1. Restricting things to alpha carbons, tell me how big segment 192-338 is in terms of Rg and Dmax, in Å.
2. Can you tell me the orientation of helix 52-61 relative to the chain, as the angle in degrees between its alpha-carbon axis and the longest Cα principal axis, to the nearest 10?
3. For segment 100-143, just the Cα set please: Rg and Dmax, both in angstrom.
4. When the expected Rg is taken as 2.2 N^0.38 Å, what fraction or multiple of it is the alpha-carbon Rg of segment 244-295?
5. Normalise the Debye intensity by I(0) for the chain, one equal point scatterer per Cα, no solvent, then take log10 at q = 0.10, 0.12, 0.15 Å⁻¹ and round to two decimals.
6. Which residue fluctuates the most in the chain, going by a Gaussian network model with Cα springs under 10 Å, if the choices are 55, 191, 179?
7. Taking the chain as a Gaussian network, where each spring joins two C-alpha atoms under 10 Å apart, which residue of 305, 194, 30 fluctuates the most?
8. Determine, from the Cβ-Cβ distance of residue 34 and residue 159 and an R0 of 35 Å, the FRET efficiency 1/(1 + (r/R0)^6), rounded to the nearest 0.05.
């Protein structure tokens, strides 16, 4: 019965992450399975197992793979992902996907997210929208070679209001979720190299726009440092909140291999990590989540906390990054003068 309850809970967890803000799982189950409230709660508590028919209905309705959730074997994991052809190749669609994921995460009870960031703190970058626009453009044009970006150069342009609003919604959701974030020596250096590549390859419509993006990077660093000082997340240009929005930041001076997101909530856990540039892989497999948590804890053990404490380490981390950016900025300025 314990294994059955575990599988059943994992199916519920997979459905819960798809629900829109404010939607209760119990109400959804009542409507989908045509059960009474009492019958639904018995299934949610694990007192009564789902029937084969009920399992089939839920898996079909919410596109949940029973093969993945019904097979609890160490060494075998089923991941979910969004095929590239399932969303439009534009920043509006991409940001909307980020917002919807964060909205679903926000609904989980007592949620906490632990993140290892090997280069791009994408949710933090939402504070400077033009950096987010640049990252998306670079990935779509240069990595994925999307046909619609083939002959385009990156240009200075105003971000459309509806796109900006979606980004703000995503940022507000991210700020409201408690996070532990682990950074390393490569933080933002990949973005810096991408700006350098576009500058040297003449992909900027106006080469001077590289300077504005570099200034944005410095602004982002300053904002991240302010958040680390108070241990709170808040929107760029605003003041820190008095409570909530918890941020615990660590620095490890070795290499971080990937962007891993571990979600822990009351009754479950799941793991997501970046995949195929614009995509992600996700699983609620308990074995994989347990091992991912173990690895992240080991990474934290070998890191230095730089939020609220360890002023010297915090200054060193942010000063080194800013120095690297400013060195390249001076190089760009020098080349623009000729």
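Since every read-out is calculated from the coordinates, none of them should be taken as a lab result. Note that the structure is predicted; figures quoted are calculated from it, not measured. Positions of Cβ are backbone-derived with ideal geometry, glycine not excepted, and every protein chain shown enters the neighbour counts.
1. For segment 192-338, the Cα radius of gyration and maximum Cα-Cα distance read 18.8, 62 Å.
2. Approximately 30 degrees, to the nearest ten.
3. Expressed in Å, the Cα Rg and Dmax of segment 100-143 come to 13.3, 39.
4. On the way: Rg = 12.6 Å, N = 52, 2.2 N^0.38 = 9.9 Å.
Computed over Cα atoms of segment 244-295, the ratio equals 1.28.
5. For the chain at q = 0.10, 0.12, 0.15 Å⁻¹, log10 I(q)/I(0) is -0.66, -0.92, -1.32.
6. Checking each option, the largest mean-square fluctuation is seen for 55.
7. 30
8. Details: r = 46 Å, r/R0 = 1.30.
Working from the Cβ atoms, E equals 0.15.
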